[in-house]
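Q: Here it is: the structure, laid out below.
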Amino acid sequence: MAAILAPAFIILFNNFTVGGNSIIDIQLTCTVLAVALGTVAFYFFTNGKLVSAAAFCGISSLFQLLVGLQLAILLIIASFLIVNKRRWINSLKYFLIYLIFAGAMLFPLLYFQFGPLRVLESEKYFNILFYFRNPNHYHPFCFPGLDYLKTIFWWTLILLSIRLSFKRQILSNYSILIILTAIGCLTYFIGFTQMNIYAIGKLQWFKATIWPTLFGVIPVSIFLIEKIKTNSSILSFTTWRLAGIFCITFLWIILFNSEQLYFDKLKYRYKLGNYPQKNLEKMHHWIAKNTPQNAIFLTLPEDDSFLCEAKRSLSVAYKGVIHQPDFMMQWYEKMKKNYGVELSDKKCRNVVDEAKLKYHQRPDESIPSDVKINFRIYDLNQIDSTQIRWNQLIHREGAILLLSFTKKNDFI
C-alpha cells in the first residue's frame, strides 16, 4: 500500500524544493533519467550496497552531472558518518568508483568550468548568468520565500515520520541526508550572498533539495500506512487498499485522457495519450511541414517548445544556452537585439516576463539589420489586431499568427 501512496506524494510534493527545481519534469529530459538512476543509487545505499550506489550515482551523472554529483557527495559523506569501520578507505573507494563511471562527463566539464578557459569569465558573464538568465536557479535571494517554507514544512514532516516509525539506523540514513543537504544550502547561501564567491554558484547546491524531498516520500508513506493498519477507528486496511488502487487507476486514465479535464493547467501539462494541442503547438507542427528547413524564426519569448516541435532554427532561444562565457556573451547580445531586454542593476528579475511585455510592441524595423530572420510568430491575444500587417500573414492557428519578416533576408 505504501508503494501506491508514495507516487501520489511525489506528484503532490513535486515542487517542494528550493532553487526553481522539481523532482520530475513534464517532459522526458535528461534530468528525469538522472533522477531515476539516482533513486536506484539510494536504494542500494539504504541496503548497505555502497559500491553499487556509487556506480549508479556515476551513471546518473552521465545524464545530468549536477544531479548525480550532488547525490554522490551526499551519500559518500553519509556513509562516512554511518559506517564505523575503515571510514576513510571506504569513502575513498566509493569516490573512485564514482569517478570511474562519471568521469566521461565530469572531467571535461571540470576542465571547461575551472580550467584555462576560466580566464574568459568576467563580472559581466556572471551577471548574465546569475541575474539575467538563471536567478531562479543560482541566487538564494531570488528564490520565492514560499519555496523555502514549503520545503521546511515537508522536511519537518519527513523527520517526524522517521522519528515515530523507524529504528535508529533508518533514522540515520534519512535524517543525515536532510541535515547534509541543509548544511550545503547554508554554505552556498553564505558563500554566494555574503562572500561573493561566484565560483560556488556553479555547484547550484540548492538543486540537491530534490533528494530529501523525493526520498522522504518513503518514510511518510510507511508511517501513514502503519497508522491506518493499527488504528481501528479508521476504515479497514482492505478498504484503504482498494481505495488506493482505484485512485491510481483513475489517475492513470486521467493522465492518458487529459483532453477531458476542466482545468487548463492540468489539461495541457502532460502530453500522454489523448491530450489537447495548444494553438502554438499546432503552429509548430505546421511550420515543420511547410517551411524551408534553413528558415530562421523569431518566436514568443515564452515559447520553449519551438525547437523540439517546429524543428527549425531560431534567431535566439531563451532556453537553449551553454553556460560558457563565449556562448553566453553572444547569446545575451542576441537577446538584447531580438527582444529588447538587457542587463540592469543586480536584482532579481524575470527576463521572459519583461521580454513578453516588449515583444509585440517592437516592430520588425526596430530589430537591428544584422539579425537574420525570415518569419515571426505573434499572439493575437497580446497585440491589437490593427497593428498586424495582415498582408504578411503566412498561416494562422487560432490566435497564433505566422508572418513573414518585414525586412526580407535572401539567405533561404
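The values are calculated or read from the model by the stated rules, or taken from the named source; none is laboratory data. Quick caveat, the model's predicted, so the values are computed rather than measured. For neighbour counting, all protein chains shown are included, and Cβ atoms are generated from backbone atoms with ideal geometry for every residue, glycine included.
Q: Going through the stretch 61-91 one residue at a time, which ones are of a type in the set (Gly, Ala, Ser) and either within 16 Å of residue 181 (Cβ to Cβ) or touching a residue at least 40 places away in the same chain (Cβ under 8 Å) (or both)? Please lay out each step first, then the result.
A: To start, the set of residues in the stretch 61-91 that are of a type in the set (Gly, Ala, Ser) comprises 61, 68, 72, 78-79, 91.
If the condition is that a residue be of a type in the set (Gly, Ala, Ser) and either within 16 Å of residue 181 (Cβ to Cβ) or touching a residue at least 40 places away in the same chain (Cβ under 8 Å) (or both), then 61, 68, 72, 78, 79 are the ones that fit.
Q: So, in the stretch 18-28, of the ones that are among the β-branched types (Val, Ile, Thr) and under 24 Å from residue 255 (Cα atoms), which residue ends up surrounded by the fewest Cβ atoms within 10 Å (Cβ to Cβ)?
A: For the stretch 18-28, the residue satisfying everything is 26.
Q: Restrict the check to the stretch 310-324 and report whether at least one residue is within 29 Å of residue 138 (Cβ to Cβ), touching a residue at least 60 places away in the same chain (Cβ under 8 Å) and polar (S, T, N, Q).
A: yes
Q: Hey, another quick one. If you take just the helices (runs of 4 or more DSSP H) that sit entirely in the stretch 29-127, which of them hold at least 3 residues that are exposed (fewer than 15 other Cβ atoms within 10 Å of the Cβ) and in contact with a strand residue (DSSP E or B) (Cβ under 9 Å, 6 or more places away or on another chain)?
A: Passing ranges: none, list empty.
Q: Residue 358: modelled with pLDDT of 85 or more, at negative phi and in a helix (DSSP H, G or I), yes or no?
A: yes
Q: Another question, then. Pull out all pairs, ordered by first then second residue, where Cβ-Cβ is under 8 Å, the residues are six or more apart or on different chains, the first lies in the stretch 355-368 and is touching a residue at least 40 places away in the same chain (Cβ under 8 Å), and the second is in a helix (DSSP H, G or I).
A: As it stands, the answer is 355/335; 355/339; 356/382; 359/339; 359/382; 367/337; 367/338, since those pairs meet every condition given.
Q: If you don't mind, another one. When both residues are 6+ apart or on different chains and their Cβ atoms are under 9 Å apart, which pairs have a first residue that lies in the stretch 122-145 and is of a type in the set (Asp, Glu), and a second that is assigned to a helix (DSSP H, G or I)?
A: 123/198
Q: Still on this structure, I have one more. Looking at this structure, is residue 228 at pLDDT below 85 and assigned to a loop (DSSP other than H, G, I, E, B)?
A: So residue 228 fails the test.
Q: Further, regarding this structure: Only residues that are at pLDDT below 85 and either surrounded by 19 or more Cβ atoms within 10 Å (Cβ to Cβ) or not small (Gly, Ala, Ser) (or both): list them for the stretch 163-186, please.
A: Answer for the stretch 163-186, where residues must be at pLDDT below 85 and either surrounded by 19 or more Cβ atoms within 10 Å (Cβ to Cβ) or not small (Gly, Ala, Ser) (or both): 163, 164, 166, 167, 168, 169, 170, 171, 173, 174.
Q: Take the residues in the stretch 1-28 that are over 14 Å from the mean Cα position of the chain (by Cα) and assigned to a loop (DSSP other than H, G, I, E, B); name whichever of them is farthest from residue 215 (Cα to Cα).
A: 1
Q: I'd like the full set of residues that are of a type in the set (S, T, N, Q) and either more than 25 Å from residue 27 (Cβ to Cβ) or over 18 Å from the mean Cα position of the chain (by Cα) (or both), limited to the stretch 298-357. Outline the logic, then answer.
A: Here is the first cut: in the stretch 298-357, the ones of a type in the set (S, T, N, Q) are 299, 305, 313, 315, 324, 330, 338, 344, 350.
Within the stretch 298-357, 299, 313, 315, 324, 330, 338, 344 qualify.
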